[in-house]
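The values are calculated or read from the model by the stated rules, or taken from the named source; none is laboratory data. It should be emphasised that the depicted structure is a prediction, and the values quoted were computed from it without experimental measurement. Here the Cβ positions follow ideal geometry from the backbone for every residue, glycine too, while neighbour counts run over all protein chains shown.
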Amino acid sequence: MTVVCGLGDLQFAYEAALGCPGFVSWTANIAPEMSLALLEAADACDFWKVREIIKTTGSLYEFAGVCARHRGADPWVLNGFASGHIYVGIMKAAMEILGLAGGPVRGPSDDLTGEERAALRSIMKTGGLL
C-alpha cells in the first residue's frame, strides 16, 4: 500500500523526509509546476529548495486562514481547522485570475469578495504565479 500526504504541500515538506512519495494539493490546480518542483526537490532530498517552494505555497495557505477568519465558524470543519471550504473559492478565483475556467463556487464553499480577489492577485504576483 502506498500512503500519500493528504494534508497538502505544507505537510509534505515534513513527510517527504520520512519517505512519503506524494501529496494531495489544491494548489496544483493553479501552479502545477510549483507542486511538481516540490515533489522533485523532496525526492532529491533538496530540503533547502523545498523550503523555498513552501514560502510561496505557505502564503496561499495563510491567505486561506485570513479569509476563513473573516467568515467566522465553519459548521463543516472540525474545531481547530480554521480554513474550511474557502480553499475551493480561492482555487477557482486563482484559476480565473490566470485566465482558466474555474467555474462557479458551489455551497457550502464561499466565493471570494472583490477585496479578497485583489489580495489573492497580489499574493500570486509576489509569489511568481502571475
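Values for this structure:
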{"read-out": "Enumeration of residues in segment 1-31 that are over 15 Å from the mean Cα position of the chain (by Cα) and surrounded by fewer than 16 Cβ atoms within 10 Å (Cβ to Cβ)", "value": "M1, T2, V3, V4, Y14, A17, L18, G19, P21"}
{"read-out": "Residues of segment 35-94 satisfying the condition of being surrounded by fewer than 16 Cβ atoms within 10 Å (Cβ to Cβ), at pLDDT below 85 and of a type in the set (A, V, I, L, M)", "value": "A73, V77, L78"}
{"read-out": "Subset of segment 40-51 [assigned to a helix (DSSP H, G or I) and either in contact (Cβ under 8 Å) with a residue 12 or more places away in the chain or within 14 Å of Y14 (Cα to Cα) (or both)]", "value": "A41, A42, D43, F47, W48, K49, V50, R51"}
{"read-out": "Among residues of segment 5-28, those that are at pLDDT 80 or above, within 14 Å of L60 (Cβ to Cβ), of a type in the set (G, A, S) and assigned to a loop (DSSP other than H, G, I, E, B), counted", "value": "1"}
{"read-out": "Long-range neighbours under 8 Å by Cβ, at least six apart or interchain, first residue buried (at least 16 other Cβ atoms within 10 Å of the Cβ) and at pLDDT below 95 within segment 103-130, second assigned to a loop (DSSP other than H, G, I, E, B) and small (G, A, S)", "value": "L129/A31"}
